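The numbers here are math on the coordinates, done by the rules we state, and not lab data. Quantities reported herein were computed from a predicted structural model and do not represent experimental measurements. Methodologically, a virtual Cβ is constructed for each residue, glycine included, from the backbone with ideal geometry; neighbour enumeration extends over all protein chains shown.
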Amino acid sequence: MIRAAGGVLWRPPAQEIEIAVVHRPRYDDWSLPKGKLNPGEHFLLGAVREVREETGLTVRVGRRLTTTSYEVAGEPKEVDYWAMEVVGGQFVPGDEVDQLRWLAPAAAKSVLSSPHDANVIDALMAAPVATTPVLVVRHGRAGHADSWNGDDTLRPLDEGGSKQAATLADLLPVYLPTRILTAARVRCVDTVRPLAERLGLELEIDPDFSEDSHADDPERMAARLRRLAAAGQAVVVCSQGGVIPDTVILLAEQDGVPLPARAARKGSIWALHFTADGTAVAADYYPDPSRPAAPAAALASRVMGSAGHGARSS
């Protein structure tokens, strides 16, 4: 199986959004920016890398769109796509891509050489395009609570958890977060500390994201996430297993968002996407970014029930 990833690049002019389509001289076709993953490369990082290599543009990743499947010279190929808002950079023609055009969605669909790519634009337009990501991270692995003799709030990440934290620091910048908030547990703080150092951001300790706060008011975290999203800037929130599934399910039920999973594995990410008024429109789940690359659609379908609704876990 050939694994590839890419994006639907969009920008918001005065009237209607425009979508970038690229011309590849090798194939003499018009397509969406995409390319093969490197061995062991996370599909999100591969998508952003390929977009940058083909277009020279800087993007903020949005909601996951769809996976296209087809054959190339008799070999099966799958391509995962994300919405990507262009925030900077400049296109420079090269050997791989020699033209880039900005078109309205309908015009872009008519230009694209493959019907697979046109279907990806349909997926983009099926929900609000301009969204704000709130990235809800469960702390990394921290051993077993019954093997820790000290204060449980001080239980640190184990070796696997530290690896997960390092991987999150590599991955989450594709969303361009401007704030990082965390519950006070040491394992939560240490999960997002490498990310904060990478981005030069201050860690904000917030009791609203603890299991104790959730027990007092099960709807508090959901309301906080809505307020954070309404500010219009991507935010990372690190919390615990007794909080995250309940909160994601509550938001999904309130706003009618289908969920790919009802889970929160250690080190996992829920990428929740909100409109400007704080309404959730999409929820993407990434079980463990420290694992080798795998197609996003398969990840979503294989984690059902791995941490049930209301599960209290360390």
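In this calculation the C-beta distance from residue 291 to residue 144 is compared with R0 = 22 Å, giving a FRET efficiency of 0.60. Mean-square fluctuations from a GNM of the chain, with a 10 angstrom spring cutoff on Cα atoms, peak among 239, 110, 213 at 110. Only Cα pairs under 8 Å and 6+ residues apart enter the sum, and on that basis the relative contact order of region 84-179 stands at 16 percent.
Quick check on the chain: of the DSSP beta bridges with both residues there, what percent are antiparallel, nearest 5%? Here the antiparallel bridges make up roughly 65 percent for the chain. What separates the Cα centres of region 1-27 and region 30-100 is a distance of 8 Å. Using the Cβ-Cβ distance between residue 70 and residue 38 with R0 set to 25 Å, the FRET efficiency from 1/(1 + (r/R0)^6) comes to roughly 0.75.
Pairs to check: 36/109; 34/163; 77/109. Give those whose C-alpha atoms are more than 26 Å from each other in this structure. Don't skip to the answer; put the middle values down first.
Values: 36/109 22 Å; 34/163 28 Å; 77/109 21 Å.
Violating the 26 Å Cα-Cα cut-off are 34/163.
Please give the Cα centre distance for region 221-281 versus region 198-219, rounded to the nearest Å. Centre-to-centre (Cα) distance: 13 Å. Structure remark: mean-square fluctuation, Gaussian network model of the chain, C-alpha springs under 10 Å; the largest value among 234, 263, 276 belongs to 276. Taking every DSSP bridge with both residues inside region 132-301, close to 50 percent are antiparallel.
Legend: ranking of residues 135, 199 from fewest to most surrounding C-beta atoms inside 10 Å; resulting order 199, 135. The slack between residue 219 and residue 52, meaning 0.36 nm per residue of separation minus the straight C-alpha distance, is 56.2 nm. Extension gain, residue 114-residue 151: 0.36 nm per intervening residue step, less the Cα-Cα distance, totals 7.5 nm.
Taking other C-beta atoms within 10 Å as the exposure proxy, 81, 27 rank 27, 81 from fewest upward.
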